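To start, the structure under review is shown below, and the notes come after it.
The values are calculated or read from the model by the stated rules, or taken from the named source; none is laboratory data. This one's a predicted model, so the numbers in the text were calculated from it and none came from an experiment. FYI the Cβ positions are ideal-geometry reconstructions off the backbone, even for glycines, and counts take in every protein chain you see. Heads up: the accessible areas ignore ligands, DNA and RNA and are worked out on the full protein's heavy atoms, side chains in. Shrake-Rupley method; radii C 1.70, N 1.55, O 1.52, S 1.80 Å.
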Amino acid sequence: MIRRSTAKRLVAQVLVLLGVVVALAAVVGAAQLVLRLSTGASTASALHEVDTVPADADLLVHWAPDAWQRDRRPEPATRTLVAAAYVRAWAAVGHYQTTGDGQALQDTFSGAARAAALALPRSGVATWDVGHRLRLEFYALDGATVAFRDEAADVVRSVPGAGVLLSRESYDVVMVLEDGYWRVRQLRRDGDAGTVTVAGGGAPAVDGATPVPAARLADGTATEFRPADWAHLDRAGCAAELDRARALGLTAIRVPLPFAGLGGGRPPAAALDAVRTVLGLAADRGLSVELVLFDGLTDLSPATWAAADAQLRALVAAVAQRPPALWDLADRPDDRVSATAGPAEVRAFAVHVAGTLRDADPAAVSTVTWADPATAADPSLAAVVGAVSVAVPPGADAAAVVATVRAGIGDRPLLLVLPGPATDGGWGPVPRTPARQAHDLASDLLAAHQAGVGSVSVAALADSPATGQRGLLRADGTAKPAAALVAAGAALAAVPAPGVLDLVSGRFWWAVAAALVVAAAGIWWWRRRRAPVGRRAGPADGGGPAGPSPDRTPGRTPAGIPPGGERGGRHRAAPRAGH
């Protein structure tokens, strides 16, 4: 039997171990919270250095019909060289202002224009040009001088402490051929269409933008739909999945378009045809479509805006005959704050691409799905799109999110995106199981309906490598409990909370139990090692069968002790007879 004091110490040690496990879980949770909060970095955290040769330089220039129709016309190769030199000159200005290196200015400017460029303040203001529309006005007979008007120079300036300035400016430009290189001889600004200021924090975040009328959206429930391969679209497989979506009672699909998977700023014809195919398959089944742009584009700094604009224009042109019901310009862009794009640049990206979409299709309905309810509630950001979207992360209070956003946007349409918990078990104390997914989804849908939000996107249609295990359907096509909740009239209030058996089935609790067993075994082994040798061998400790000790043989006395006496020769006298 284990002594009572030993049992108490054992229990105390097990409790200490359990406390260590709980403390470690708390530390992990705190670290995740700090990481989440650290994404709200200040504008100053975005470190800018403008490249001397901008990425996607060939996407920055578009030529309008020439105003110059006399004598000699520039050859196509000459036009390309002029446009490239002009773009490099703009990049040289931005590079000089952020680094102080004027070598690129020496190479791309000439005469008085060079002196003026070198006199620009080096105040840390980063300047990018993200688009130009040029119209030829003169070309010399000797082919050494060209003049044109830049009718729409889209310029982005990141000003430390002031946010990001977006402006559309116009310039009169003269370029000359010197030593075999085209250089800017004159760059004279003669007007602009106004400046939009975008701040990195607080409200209002946007000042100077033209507001967009609120959109009219049909109520319905959508789900995320991701084809496996846009380059080689499986038409039959997509059709079968959309049939299952319609059978579940869904009315729409939310389709993220991978920025790199569609070819970046140069989408190939096959990718554009795949997007048209998905739109057609959905329309044939009565499903409306929300296209989510720029999925996977992690760098939202102005260096990537030209490619983003090019892909957006290509998509708008490709689906002009059957456009989507809604364009989502970015899914949770505020979660993509990085070293090159602070909160101000991320918000400015949303404002910029909203303008690009309006230019390409004035009738298009747009939204941006924000991760932060406070950002979604900013009325100045809401005003640049037709509807407002906000993502409700698993475990968040959907009713509170809706109340926060509604307080800022008023009657403007609101869409909720419920990514939903996965059913992969997870390693947290509350396991992610099908029952938990169904309960959380029912609670969020009920809160949305009670708050008057009619447009909701839930989870993903099916488990896949791209969506993980967030699907309403398993990878084999069988339905999870949550699949029964997306149809109109589903009994959302009747979904029970997960039971105790569901809770203890999680990996976390199995790991805790395993840790406790290992700890108990280790403590027992350690105590056995520390116990005295003689005691470990005794019958009371289970050390072996009872029997005489080697030095306690009957009829013998221990070595060194005289018979009938004690060690050292001292012993009692034998009792006398009769006494």
Most positive-pole-ward Cα, Val146, Ser158, Val130, against dipole of the range 114-165 from beta carbon charges
Ser158
Taking amide H positions as placed in the peptide plane 1.01 Å from N, state which residues far from Asp295 in sequence (5 or more) or on other chains have amide H under 5 Å from it.
Leu257, Phe259
Give me the percent of the accessible area of the range 47-198 that comes from carbon and sulfur atoms, probe 1.4 Å, all protein chains in place.
52
Once both labels are modelled 7 Å past Cα along the beta-carbon direction, what's the Arg529-Asp284 spacing in nm?
7.1
Ranked packing of 116-123, 169-176, 375-382, most packed first, by mean Cβ within 10 Å
375-382, 169-176, 116-123
Name all residues of the range 400-435 having a backbone nitrogen under 20 Å from the label point set 7 Å from the Cα of Val504 along its Cα→Cβ direction, giving them as ranges.
425-435
Among Pro227, Gly265, Ala240, pick out the residue whose Cα is farthest towards the positive end of the charge dipole of the range 227-289, where Lys and Arg carry +1 and Asp and Glu carry -1 on C-beta, about the Cα centre.
Gly265
Using packing as a proxy for protection, rank 324-332, 357-365 so that the peptide with the highest average count of other Cβ atoms within 10 Å comes first.
324-332, 357-365
At 7 Å along the Cα-to-beta-carbon direction for both Ala270 and Ala493, put a label point, then send me their distance in nm to one decimal.
5.4
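Only four residue types carry charge here, +1 at the Cβ of Lys and Arg and -1 at the Cβ of Asp and Glu. Report the dipole size of the range 218-270 about the Cα centre in Debye, rounded to the nearest 20. Show your work: numbers first, answer last.
Numbers: 6 positive and 6 negative charges, 23 e Å.
So the magnitude is around 100 debye.
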Read phi for every residue in the range 125-131 and hand back ³J(HN,Hα) as whole Hz from Karplus 6.51 cos²θ - 1.76 cosθ + 1.60, θ = phi - 60°, with x for Gly and Pro.
6, 8, 10, 10, 9, 10, x
Across the range 432-446, in residue order, what do the Karplus-derived ³J(HN,Hα) couplings come to in whole Hz, using 6.51 cos²θ - 1.76 cosθ + 1.60 with θ = phi - 60° and x for Gly and Pro?
8, 10, x, 5, 5, 4, 5, 5, 5, 5, 4, 5, 5, 5, 5
Percent antiparallel among DSSP beta bridges confined to the range 220-505, nearest 5, equals 10
What is the distance in Å between the Cα centroid of the range 453-477 and that of the range 514-533?
47
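How many percent of the accessible area of the range 220-505 is carbon or sulfur, using a 1.4 Å probe?
Details: 5970 of 10320 Å².
Ligands and nucleic acids excluded, carbon and sulfur reach 58 percent.
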Give me the net charge for the shell around Gln450: Cβ to Cβ below 13 angstrom, other residues only, Lys and Arg +1, Asp and Glu -1.
-1
Report the calculated FRET efficiency for Asp107 and Ala231 (r = Cβ-Cβ distance, R0 = 35 Å), to the nearest 0.05.
0.35
Mind giving me the FRET efficiency for Asp397 and Arg474? R0 is 25 Å, r the Cβ-Cβ distance, nearest 0.05 is fine.
0.30
About the Cα centre of the range 47-198, how large is the charge dipole given +1 on each Lys and Arg Cβ and -1 on each Asp and Glu Cβ? Please answer in debye to the nearest 20.
280
In what sequence, highest mean first, do 338-351, 253-266, 399-412 appear when ranked by Cβ atoms within 10 angstrom?
338-351, 253-266, 399-412
